[in-house]
Amino acid sequence: MSSIIEVNNLTYQYTDIPVLENLNLSIERGSFLGLVGPNGSGKSTLIKCILGLAKPQAGTLSMFGSEINRFSEWGRIGYVSQRANRFNAGFPATVFEVVSMGLFGQVGLFRFIKKKDRNKVYDALQTVGMENFAKQPIGKLSGGQQQRVLIARALVSEPELLILDEPTVGIDAVSARKFYDLLGQLNREKGLTLLLVSHDVGTMTKYVTDVACLNKTIHFHGTAHDFEADKNLSTLYGYDVQQIIHEHEEIAK
Ligand SMILES: Nc1ncnc2c1ncn2[C@@H]1O[C@H](COP(=O)(O)OP(=O)(O)O)[C@@H](O)[C@H]1O
Ligand SMILES: [Mg+2]
């Protein structure tokens with residue numbers, strides 16, 4: 001397998017203390033990689049480096065075989081950011097308009113949309129099972145539905161790699177599982193390479209093909225099966241989730 005992203009000895013610091021240090025990671029074409037790590041372990045920072053939004057102080061990063069400074073084909077990468085439910089009830093755009101932003105980068109231009117582009121928007125909506133919501137205002141949808149629309153917006157430019165940073169935050173457990181199912185399907189049926197950052201270790205590892213554990217550097221990178229078989233690792237990296245469940249139980253008492 002060839003790798004889409006190759007990170008070598010990367011170091012990144014906001015202040016004088018590195019947040020990422022000597023980090024090595026390669027993402028293989030066709031894989032569905034789950035990136036896990038405690039709060040503050042550098043997951044979002046690594047994503048920012050991969051998206052070219054943060055410039056590492058040391059190390060190299062190559063995308064689709066080109067060094068990141070020379071890479072310009074950003075349409076090959078789709079990104080869905082951390083915050084779910086970002087559209088409030090009054091947000092002045094329909095689902096169709098939000099997805100068309102994936103083609104034009106701003107709302108408004110949809111008025112001049114060509115038939116070919118209209119079809120692309122509907123295809124992306126169909127992929128995520130939201131084609132019947134095209135004319136609905138985005139703000140009226142549930143968090144899980146909005147997240148599907150954001151996936152459609154990321155897919156409309158037909159990326160080869162889709163990066164998602166904690167996409168299920170604020171979404172109920174049933175919708176989250178459906179969401180992971182959809183991602184698994186995109187990976188298997190469309191050959192889309194996926195990088196998924198998630199806190200939801202227990203559930204997420206059932207859907208991904210590979211897992212990488214991050215805490216300043218990569219401590220493990222292997223198959224989801226090997227991750228789950230290593231009880232020390234799965235306990236250590238699943239700890240946050242267990243703690244949250246525990247806290248909820250405390251509240252329920
Ligand atoms: N803009 C910033 N300026 C300074 N420190 C930051 C900034 N963003 C994140 N950090 C710090 O970097 C560390 C890693 O953060 P982040 O990459 O967001 O972790 P994660 O996504 O794993 O929770 C944290 O200690 C965080 O406080
Ligand atoms: Mg984060």
Failed item, numbered, when N69 is tested on (1) free of Cβ contacts under 8 Å to residues at least 12 places away in the same chain; (2) within 13 Å of ligand 2 (Cβ to nearest atom): (2)
Unmet requirement for Y237, which otherwise passes all of (1) modelled with pLDDT of 95 or more; (2) crowded, with 17+ Cβ neighbours inside 10 Å: (1)
Residue within segment 129-147 that is exposed (fewer than 14 other Cβ atoms within 10 Å of the Cβ) and of a type in the set (K, R) present: yes
Filtered residues of segment 34-55 (kept if touching a strand residue (DSSP E or B) at 6+ places or on another chain (Cβ under 9 Å), assigned to a loop (DSSP other than H, G, I, E, B) and either closer than 24 Å to A224 by Cα or near ligand 1 (Cβ under 7 Å from one of its atoms) (or both)): G37, P38, G40, S41, G42
Meets criteria (under 24 Å from P18 (Cα atoms), modelled with pLDDT of 95 or more and in a strand (DSSP E or B)) for L214: yes
Where E6 falls short, out of the listed (1) more than 9 Å from ligand 1 (Cβ to nearest atom); (2) buried (at least 21 other Cβ atoms within 10 Å of the Cβ): (2)
Residues located in segment 45-75, provided they are of a type in the set (G, A, S) and surrounded by fewer than 16 Cβ atoms within 10 Å (Cβ to Cβ): G52, A58, G65, S66, S72, G75
Selection within segment 81-115 - modelled with pLDDT of 90 or more and hydrophobic (A, V, I, L, M, F, W, C): A93, V95, F96, V98, V99
Test: residue in segment 142-157 that is of a type outside the set (G, A, S), touching a Ser or Thr at 6+ places or on another chain (Cβ under 7 Å) and under 11 Å from L182 (Cβ atoms): yes
Residue ID - nearest to W74 (Cα to Cα), chosen from residues in segment 34-59 that are away from ligand 2 (no atom under 16 Å from the Cβ) and at pLDDT 95 or above: K55
First in segment 31-50 and without any contact (Cβ under 8 Å) to a residue 24 or more places away in the chain, second anywhere and outside any helix (DSSP H, G or I) and within 13 Å of ligand 2 (Cβ to nearest atom), Cβ under 8 Å, 6 or more apart: K48/A54
Flag for V98 being touching a Phe, Trp or Tyr at 6+ places or on another chain (Cβ under 6 Å) and either in contact (Cβ under 8 Å) with a residue 24 or more places away in the chain or surrounded by fewer than 20 Cβ atoms within 10 Å (Cβ to Cβ) (or both): no
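The values are calculated or read from the model by the stated rules, or taken from the named source; none is laboratory data. Owing to the predicted nature of the structure, the values given are computational and were not obtained by experimental measurement. Neighbour counts run over all protein chains shown; Cβ positions are idealised from the backbone, glycine included.
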